[in-house]
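**Student:** Below: one structure in structure tokens.
The values are calculated or read from the model by the stated rules, or taken from the named source; none is laboratory data. What you see is a predicted model; the values in this text were computed from it and never measured. Every residue, glycine among them, receives a Cβ derived from its backbone with ideal geometry; neighbour counts consider all protein chains shown.
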Amino acid sequence: MNAPTDIQIIKQNGMPAFVVVPYDEYIKLFPEQNKNTNIPHEVVGLIVKKNYNLLKAWRTYLGLTQKEVAQNAGISQAALSQMERANNPNRDATLQKIAKALGLDPDQLMD
């Protein structure tokens, strides 16, 4: 049996209508809801003003060099450079490595 939680049941017309649970419990039940997939205004600004692709905009915003990101992602600097110049879709597996190297959720690198 699970340990009791501090939940609240809200009734309407005598019938249960809503359940309020502590936020920590909610996150345990639905961990995917805790993902941060926002893109800062500054990143969008780099895309619009300097015509950077999303990957290059994030790297620039985070103040990282291509060499740093490539090393942390386990890819070559040349490959990263090509990904930053190309407008073609990148492989999901590679984007996941790069997202991890940048400290991002992979969804934040998906166009």
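**Student:** Which residue, of K28, K56, is of a type in the set (K, R) and in contact with a helix residue (DSSP H, G or I) (Cβ under 8 Å, 6 or more places away or on another chain)?
**Tutor:** One residue alone meets the criteria, K56.
**Student:** Of (1) at pLDDT 85 or above; (2) surrounded by fewer than 12 Cβ atoms within 10 Å (Cβ to Cβ); (3) in a helix (DSSP H, G or I), Q33 satisfies all except one. Which?
**Tutor:** So Q33 meets the others, but not (1).
**Student:** For the range 95-111: of the residues being without any contact (Cβ under 8 Å) to a residue 60 or more places away in the chain and under 16 Å from Y61 (Cα atoms), which is surrounded by the fewest Cβ atoms within 10 Å (Cβ to Cβ)?
**Tutor:** G103
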